[in-house]
């Protein structure tokens, strides 16, 4: 895996290696790269020992990530999320099912979910942008009303809402 100019760093308490394997099991174009391990000389982090992963490099669909086991002082928030653009309901259902498993069901709204590690994802159909281009239109209002009632997005329901009366 070559070095990407900009990579996303994800700070985990102690689950970096587990999370990297979880994410790479979901995406088709995914791989684990270099894993660095904690040695004897290190900052003490509760729950981590010599030999445990310090960083895990991985790629998902051409995007580079580094998962860091850094301890409990930082948590993920919804202020940053990853968007997965889906071309079909089948693809949307796949990612929703995989990433929502074990996650916070209360955090599911309008295509957003929080996975079991606390990372926020937006699982959205590529066609949605085309339905929401004119905020002044009746179609926009019908689609937005339907969208706001959904947890996992249903493409057929959005298309139905977009139809002119």
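Tell me, yes or no, whether the stretch 39-48 has at least one residue that is within 13 Å of the chain's Cα centre (by Cα) and exposed (fewer than 13 other Cβ atoms within 10 Å of the Cβ).
no
List the number of the failed condition for residue 1; all other conditions in (1) at pLDDT 95 or above; (2) in contact with a strand residue (DSSP E or B) (Cβ under 7 Å, 6 or more places away or on another chain); (3) over 14 Å from residue 121 (Cα atoms) hold.
Exception for residue 1: condition (1).
For the stretch 106-116, state whether one or more residues are over 12 Å from the mean Cα position of the chain (by Cα), over 24 Å from residue 61 (Cα atoms) and free of Cβ contacts under 8 Å to residues at least 40 places away in the same chain.
Checked the stretch 106-116: at least one residue is over 12 Å from the mean Cα position of the chain (by Cα), over 24 Å from residue 61 (Cα atoms) and free of Cβ contacts under 8 Å to residues at least 40 places away in the same chain.
Looking at the stretch 70-89, is at least one residue more than 29 Å from residue 152 (Cβ to Cβ) and in contact with a strand residue (DSSP E or B) (Cβ under 7 Å, 6 or more places away or on another chain)?
There is at least one residue in the stretch 70-89 that is more than 29 Å from residue 152 (Cβ to Cβ) and in contact with a strand residue (DSSP E or B) (Cβ under 7 Å, 6 or more places away or on another chain).
Within the stretch 16-39, can one find any residue that is touching a helix residue (DSSP H, G or I) at 6+ places or on another chain (Cβ under 7 Å) and under 30 Å from residue 149 (Cβ atoms)?
The answer is yes, given that some residue of the stretch 16-39 is touching a helix residue (DSSP H, G or I) at 6+ places or on another chain (Cβ under 7 Å) and under 30 Å from residue 149 (Cβ atoms).
Got a number for residues in the stretch 109-122 being within 12 Å of residue 153 (Cβ to Cβ) and surrounded by fewer than 17 Cβ atoms within 10 Å (Cβ to Cβ)?
So the answer is 3.
Consider residue 51 against the criteria (1) in contact with a strand residue (DSSP E or B) (Cβ under 8 Å, 6 or more places away or on another chain); (2) part of a helix (DSSP H, G or I); (3) loosely packed, with under 12 Cβ neighbours inside 10 Å: it satisfies all of them except one. Which criterion is unmet?
Checking residue 51 against (1) in contact with a strand residue (DSSP E or B) (Cβ under 8 Å, 6 or more places away or on another chain); (2) part of a helix (DSSP H, G or I); (3) loosely packed, with under 12 Cβ neighbours inside 10 Å, the one that fails is (2).
Exactly one of these conditions fails for residue 49: (1) outside the structural domain of residue 154 (by TED's automatic domain parsing); (2) within 29 Å of residue 5 (Cα to Cα). Give me its number.
All conditions pass for residue 49, except number (2).
Among 72, 125, which is the only one that is surrounded by fewer than 19 Cβ atoms within 10 Å (Cβ to Cβ) and either modelled with pLDDT under 95 or more than 12 Å from the chain's Cα centre (by Cα) (or both)?
The conditions single out 72.
Given the criteria assigned to a loop (DSSP other than H, G, I, E, B), in contact (Cβ under 8 Å) with a residue 24 or more places away in the chain, within 18 Å of residue 120 (Cα to Cα) and within 13 Å of the chain's Cα centre (by Cα), does residue 24 qualify?
Answer is no for this residue.
The values are calculated or read from the model by the stated rules, or taken from the named source; none is laboratory data. Note that the structure is a prediction, hence the values are computed from the model and not measured. When we count neighbours, we look across all protein chains shown, and the Cβ atoms used for this are built from the backbone with ideal geometry, even at glycine.
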